[in-house]
Amino acid sequence: MWGREPEGFGELTDTQAEVVVIHTSPRATRRALETAAELARGLAARVRIIVPQIVPYPRPLTDPPVTAEFTKRSFRALTAEAGVEVKVDVRYCRDRDAMLEYALCPGSLVVVGDTGILRPPGGARLAWKLRRQGYHVVMAEGR
């Protein structure tokens, strides 16, 4: 189980595009949301931010240390700055990369933020992996 489907997830129509932001860090995600908002306005698309919540192995995936509701509330201020409606999609997982394979549709337009900090590995490594898997990735770089 990779967590619940986001509310309204199945409501996407054939003519409605989606820009997906993957949360990596607060600063990088803020930059990625700015870029995604620009893309969404130009494409008449909606924005979905995937927030991977790693659940440690002693706990079952159905009993995460932080509730999805708490995580969504903590992202409200961040998403309010974007200027477009943003759907927060909290996903419980053990491995972020494996969860993303499940959570992303083939050929998705994904925005990954990168602060330019190499340690811990920034969004550039994630973007490289996603491109190799066939996703369309836009890097939102900046400090």
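Residue under question is Leu61, and the condition is that it be more than 18 Å from His136 (Cα to Cα), touching a Lys or Arg at 6+ places or on another chain (Cβ under 7 Å) and either in a loop (DSSP other than H, G, I, E, B) or in contact (Cβ under 8 Å) with a residue 24 or more places away in the chain (or both); does it hold? No.
When segment 71-102 is filtered for residues that are farther than 13 Å from Leu33 by Cβ and surrounded by fewer than 20 Cβ atoms within 10 Å (Cβ to Cβ), the ones remaining, listed by number, are Thr71, Lys72, Arg73, Ser74, Arg94, Asp95, Arg96, Asp97, Ala98, Met99, Glu101, Tyr102.
The single condition from (1) among the aliphatic types (A, V, I, L, M); (2) buried (at least 20 other Cβ atoms within 10 Å of the Cβ); (3) under 17 Å from Glu18 (Cα atoms); (4) under 12 Å from the mean Cα position of the chain (by Cα) that Ala28 fails is (3). Checking each residue in segment 14-58 for being in contact with a Phe, Trp or Tyr (Cβ under 6 Å, 6 or more places away or on another chain) and in a loop (DSSP other than H, G, I, E, B) picks out only Val55.
Screening Ala17 on (1) of a type in the set (A, V, I, L, M); (2) surrounded by 19 or more Cβ atoms within 10 Å (Cβ to Cβ); (3) within 25 Å of Glu141 (Cβ to Cβ) shows it passes everything except condition (2). Taken together, Arg94, Arg41, Arg76 contain a single residue that is under 16 Å from His23 (Cα atoms), touching a residue at least 40 places away in the same chain (Cβ under 8 Å) and more than 13 Å from the chain's Cα centre (by Cα), which is Arg94. If you go through segment 64-107 and keep only what is part of a loop (DSSP other than H, G, I, E, B) and either over 29 Å from Gly134 (Cα atoms) or of a type in the set (A, V, I, L, M) (or both), you end up with Pro64, Pro65, Val66, Thr67, Glu81, Ala82, Val84, Leu104.
No value in this document is a laboratory result; all are computed from the given coordinates. Note that the structure is predicted; figures quoted are calculated from it, not measured. Note: ideal-geometry Cβ built from the backbone for every residue, glycine included; neighbour counts use all protein chains shown.
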